1. Tell me which residues, restricted to the range 46-90, are buried (at least 16 other Cβ atoms within 10 Å of the Cβ) and β-branched (Val, Ile, Thr).
2. Please tell me if THR52 is part of a helix (DSSP H, G or I) and hydroxyl-bearing (Ser, Thr, Tyr).
3. If you check PHE101, PHE107, which single one turns out to be within 19 Å of VAL67 (Cβ to Cβ) and touching a Cys at 6+ places or on another chain (Cβ under 9 Å)?
4. Tell me which of these ALA130 doesn't satisfy, since it passes every other one: (1) in the same structural domain as LEU57 (by TED's automatic domain parsing); (2) in contact with a helix residue (DSSP H, G or I) (Cβ under 7 Å, 6 or more places away or on another chain).
5. Can you pull out every residue in the range 102-127 that is free of Cβ contacts under 8 Å to residues at least 12 places away in the same chain and either polar (S, T, N, Q) or assigned by TED's automatic domain parsing to the domain that holds ALA193 (or both)?
6. Of (1) more than 23 Å from ARG37 (Cβ to Cβ); (2) modelled with pLDDT of 90 or more, LEU111 satisfies all except one. Which?
7. Could you run through the range 131-150 and say how many residues are surrounded by fewer than 16 Cβ atoms within 10 Å (Cβ to Cβ) and either more than 19 Å from HIS33 (Cα to Cα) or in contact with a Cys (Cβ under 7 Å, 6 or more places away or on another chain) (or both)?
8. Across the range 159-199, which residue is surrounded by the most Cβ atoms within 10 Å (Cβ to Cβ) among those that are assigned to a loop (DSSP other than H, G, I, E, B) and hydroxyl-bearing (Ser, Thr, Tyr)?
Amino acid sequence: MNDTLSEYLPERAVEPCFELIKSYGVHLKIVNHRVTRHGDYRKLPDGGHQITVNASLNSYRFLITLVHEIAHLVAFETYGRYIKPHGVEWKQTFQRLMLPFIRPEIFPSQLLPIIASHFKNPKASSSTDARLSIALKAFDPEERKNQYVFELPMGSTFRLYNGKLFKKGKKRIKRFECVELATGKVYLFQPNAEVEFIK
């Protein structure tokens, strides 16, 4: 397991992650890239715990995602199955489990203050924290780098992962109005939505 984890995690995070996986009886599956999620947790019919994490994540996002999903397991086991998935119990559990990893031996110095800020009140996904998402994306391999909506020029055309084409419009308070070219419908996009720039 350590050999497998060392392919996906920062070197100094491998052993503590292995201990977490072992102590909570996690069946970890590393899966192909899924656009809609980085990872997930579910309790198996036999009472076991399965966590999946995308193989395509860079090592820092992989670590955050793995601990995020273990926090779901621990929060449900500690507080019961009826808590909100990303409620206060999960947030406190995630903060506690993540704290030992927020160190310069594990994360680069430019990420540490952004990660520390994020974990004051962690969000349901690292992707919904625009500042953290952008900082983590800098460590993605070059071939996987799309662009963010906020980086595109006004009026430009872009493609989503599902093939749909959009034209970027004006910014509302936080999000951008974008028109789907095939239907003329207006959709609101988070500034850090990853898209493929067309023209």
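The values are calculated or read from the model by the stated rules, or taken from the named source; none is laboratory data. Bear in mind the structure is a predicted one, so any value in this text is a computation, not a measurement. All Cβ positions, glycine included, derive from the backbone under ideal geometry; neighbour counts span all protein chains shown.
1. ILE51, THR52, VAL53, ILE64, THR65, VAL67, ILE70, VAL74, ILE83
2. no
3. Details: PHE107 fails: touching a Cys at 6+ places or on another chain (Cβ under 9 Å).
The conditions single out PHE101.
4. (2)
5. Result: SER109, single match.
6. With respect to (1) more than 23 Å from ARG37 (Cβ to Cβ); (2) modelled with pLDDT of 90 or more, LEU111 is out only on (1).
7. The total comes to 1.
8. So the first thing to find is which residues in the range 159-199 are assigned to a loop (DSSP other than H, G, I, E, B), and the list is 160-164, 172-175, 181-185, 190-193, 198-199.
Adding the requirement that they be hydroxyl-bearing (Ser, Thr, Tyr) leaves 161, 183.
Numbers: TYR161: 12, THR183: 9.
Filtering first and then ranking leaves TYR161.
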